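Q: Following this message is one structure expressed as structure tokens.
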């Protein structure tokens, strides 16, 4: 047991997964004590942050009992007793899963997503389900059907999105680690804006079974954590082939923690010129350039790379992602589950009422865009062209990775923007993901880690992109950088 | 059909595959269970769930493709067909569009003694939809999703068919192949085999196709011919009256015997097909195709030839037996159980077919086992029962499922072969009909039949006919 003074000064919710693992395994603390601190923190700051949609306190203490037993009998797993928050678009059996949509406001899945099932196998403790842009469509959580999450560094500002709830919960120490999902930047951009670590694994690395689909060929689940070590641990817990997801890769899963601490001498880092654009925030530009210098000082070799089709990525993405979304969201018809509008004189009206009242504006906009792009007579000009651009962007990365081992870019062109600043201009909002979208189109893995602060004390994110299934290498580079800086140790003064 | 016109017909056939489980989940495909009892989050389209392809369905499609002389695609993929309907829980059907599993095949059919080759454009896999059930008077409709996700093959023919009769023959041949492969039970009434017909007419000699109508709801073999026949006449009449055929979907109304317009081309759905991102493309290796090829069963054409050469059946009988696998099996098993091929064939084609038809049953539902057929034929052969009595015996066997021996015993139908008893009956018959005896003796030999009938009547048909004939001839000598 920790002595009384130690326990009183140590706030367990501020610790990382690996730190808690050590304390729990030493039996210095009990899982319930960790939970106490996490829920006390939630009670204290959640009014300001609004990271969660559902808080699962009762079931969390139930899970803590099992975790305690496991530890006492020396049968603990990777995450035994670790409080984790899960984005509310991953199905949790019997626990409300809303996608931040009125359409699913009352939906309790009778099945468990593969990722949460794997976390359960590792005996995690579910703290709650976090807020997002409705159906993961957005970059600020302002499109949530319930409420907007605030950035813990400045509650006037957005946390980014769509996994804004998960990123804010991690940044505000309202959980130890979290899961997000990333279709065009939805893990990395909020991680950057909240000053935490966000990893989008290779497409196919993590099962999508039970992740409510936005754009199936782009969606990927990944961890949002306080540091790179935790990112590796969380990835270990969820990665690997799943027979329930045909698109999950049968690729071997290494122990990602093994990559951490290796030196990066001779690692070739590519900096694509297309990623330093006009209109980029000066502090972001500076921070990313000095991060590159830092990597160089650690032995990495800078190389010049080009990703020439970057300029077409956002356009191609908004055709392909919306096309898939228009089909993926067709199942919400008010007939079988979820929101059902009153009235309706015939079938068509029942459909139209449910869908016009159940979906928010951005979701409807994307359904319409996608429906249009797939329509007879337009398919070749839009969807097919988008697929061709996607192929070119993949080739860009293949070529760049002949020169570089890791590509380094800013995660977001700007730090966190103010609530309401971009919400009336969808195109401006779409451009928030200009540096993250290509990665999803190419299917490669990328991580965002803190690399500095603006003069207003807003976090800046550095993106490191790797080859397919080479998460180990970007984790290694990210860890080396992180260990030589102190950005990740800073906490918002909420 | 008016001599000036020629019909152009293509058929799109949906065949439910006989896999144990659905195409994208593990639910049972059993027919006729409690509504929605065979469903899971995947086949009812819950949020976040994903399809996983049933390998058996691919195997069945390849089998069928090989049997229909198709090229099997080494690379094919699924696509989404998007439309809203309550029986389609995801709002899209997973089907194949650009790259189907089988293409460029053909089958041969016999029409009026000529062999006709009908092209198969493609065979693709897809999932079936559920069923909407509408309450007669109340305000509700119900949805049963047991069928949602049952694997289907869509077999699309080239527009090579030229008459309603050819269309019917094509459907029969298709069913025969599917049943030989054991990939579909071929039951049109229950909907496990469905047929949509694209029908157009043109002037004889004209190269371009006329405007086509698509006929739906043709739910029995009988209606394939009828519906197309009606539609051809309708289109010719439209043209003769100076009108134009419009491209539309028409519904066959079997009660009224007409096709009625369902929706025009303008009202047709835009299905917004695109590649299914939840499933990876299907790659088929040549090795697998070769393995399937090597394990293909005997097909009806081969079987027919064999029935002629091996059993000495006339071509016509061989045709009738070989067309259906269950009939063929019944025939061969009965022969194996001791029946003479010719007699077994006659029994199946004659009495058994008649009884099943009266009962609206297929050979799959035949209540009698092959051995029962052979045993009954043996009773005729060894003189226990007469051919005439056999009919009665067989009807009773069909009705009750009992063996021939049991029926004969229970009903006391054993043939009378006791010469004394028959002679007594003959004498009585002749004594009762003196006038006819006189006429016979005067040369009216046709009366022999009358005397036989009288004796049979008196013996309730049980007298050995041969002995009756011999005795009569002797006595009337």
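The values are calculated or read from the model by the stated rules, or taken from the named source; none is laboratory data. Fair warning: this is a prediction, and the values are worked out from it, not measured in the lab. So basically every Cβ, Gly included, is an ideal-geometry build from the backbone, and we count neighbours across all protein chains shown.
Q: Kindly indicate whether any position in segment A:306-313 is away from chain B (no Cβ under 12 Å), modelled with pLDDT of 95 or more and within 13 Å of residue A:407 (Cα to Cα).
A: Yes, the conditions are met somewhere in segment A:306-313.
Q: Filter the strands (runs of 3 or more DSSP E) completely within segment B:12-111 down to those with at least 3 residues that are surrounded by fewer than 18 Cβ atoms within 10 Å (Cβ to Cβ) and away from chain A (no Cβ under 14 Å).
A: B:102-111
Q: Let me ask another. Can you spot a residue in segment B:22-39 that is in contact (Cβ under 8 Å) with a residue 12 or more places away in the chain, in contact with a helix residue (DSSP H, G or I) (Cβ under 6 Å, 6 or more places away or on another chain) and at negative phi?
A: Checked against the condition, which is being in contact (Cβ under 8 Å) with a residue 12 or more places away in the chain, in contact with a helix residue (DSSP H, G or I) (Cβ under 6 Å, 6 or more places away or on another chain) and at negative phi, segment B:22-39 yields at least one hit.
Q: Here is a list: A:358, A:338, A:343, A:299. Which entry is on the phi > 0 side of the Ramachandran plot, touching a residue at least 40 places away in the same chain (Cβ under 8 Å) and out of contact with any strand residue (DSSP E or B) (no Cβ under 7 Å at 6 or more places or on another chain)?
A: When all the criteria are applied, what remains is A:338.
Q: Here is a further query. Out of (1) under 21 Å from residue B:253 (Cα atoms); (2) part of a helix (DSSP H, G or I), the odd one out for residue B:178 is which?
A: Failing condition for residue B:178: (1).
Q: So, one more: In segment B:219-276, how many residues are closer than 30 Å to residue A:384 by Cα, out of contact with any helix residue (DSSP H, G or I) (no Cβ under 6 Å at 6 or more places or on another chain) and modelled with pLDDT of 90 or more?
A: First, pick out the residues of segment B:219-276 that are closer than 30 Å to residue A:384 by Cα: B:247-249, B:263-276.
Pick out the ones that are also out of contact with any helix residue (DSSP H, G or I) (no Cβ under 6 Å at 6 or more places or on another chain) and you get B:247-249, B:263-271, B:273, B:275-276.
Adding the requirement that they be modelled with pLDDT of 90 or more leaves B:247-249, B:270-271, B:273, B:275-276.
Qualifying residue count for the region: 8.
Q: Can you spot a residue in segment B:125-132 that is within 14 Å of another protein chain (Cβ to nearest Cβ) and modelled with pLDDT under 95?
A: Yes, that holds for at least one residue.
Q: Which condition breaks for residue A:4 when tested against (1) under 23 Å from residue A:114 (Cα atoms); (2) at pLDDT below 95?
A: Only one criterion in (1) under 23 Å from residue A:114 (Cα atoms); (2) at pLDDT below 95 is unmet by residue A:4, namely (1).
Q: Determine, yes or no, whether residue A:141 is touching a helix residue (DSSP H, G or I) at 6+ places or on another chain (Cβ under 9 Å), part of a loop (DSSP other than H, G, I, E, B) and surrounded by fewer than 24 Cβ atoms within 10 Å (Cβ to Cβ).
A: Spelling it out, it is not the case that residue A:141 is touching a helix residue (DSSP H, G or I) at 6+ places or on another chain (Cβ under 9 Å), part of a loop (DSSP other than H, G, I, E, B) and surrounded by fewer than 24 Cβ atoms within 10 Å (Cβ to Cβ).
Q: For the subset of segment A:468-489 comprising residues that are part of a loop (DSSP other than H, G, I, E, B) and over 20 Å from the mean Cα position of the chain (by Cα), which member is farthest from residue A:294 (Cα to Cα)?
A: Within segment A:468-489, the first condition is being part of a loop (DSSP other than H, G, I, E, B), and the residues that meet it are A:468-470, A:484-486.
From what is left, the residues that are over 20 Å from the mean Cα position of the chain (by Cα) are A:484-486.
Numbers: A:484: 8, A:485: 9, A:486: 13 Å.
Across segment A:468-489, the extreme among qualifying residues is A:486.
Q: How about segment A:83-101: which of its residues are within 11 Å of another protein chain (Cβ to nearest Cβ), under 12 Å from residue A:53 (Cα atoms) and in contact (Cβ under 8 Å) with a residue 60 or more places away in the chain?
A: A:89, A:97, A:99, A:101
Q: Please determine, by comparing only the residues of segment B:112-129 that are touching a strand residue (DSSP E or B) at 6+ places or on another chain (Cβ under 8 Å) and over 21 Å from residue B:56 (Cβ atoms), which one is surrounded by the fewest Cβ atoms within 10 Å (Cβ to Cβ).
A: Residue satisfying both the conditions and the ranking: B:115.
Q: From A:247, A:202, grab the single residue that is touching a residue at least 12 places away in the same chain (Cβ under 8 Å), out of contact with any strand residue (DSSP E or B) (no Cβ under 6 Å at 6 or more places or on another chain) and more than 14 Å from chain B (Cβ to nearest Cβ).
A: A:202
Q: Same structure again: Kindly indicate whether residue A:104 is out of contact with any helix residue (DSSP H, G or I) (no Cβ under 6 Å at 6 or more places or on another chain), more than 12 Å from every other protein chain (Cβ to nearest Cβ) and more than 20 Å from residue A:198 (Cβ to Cβ).
A: Here the answer is no, as residue A:104 does not meet what is asked.
Q: Restricting to helices (runs of 4 or more DSSP H) lying wholly in segment A:159-274: which have 1 or more residues that are surrounded by fewer than 24 Cβ atoms within 10 Å (Cβ to Cβ)?
A: A:228-238
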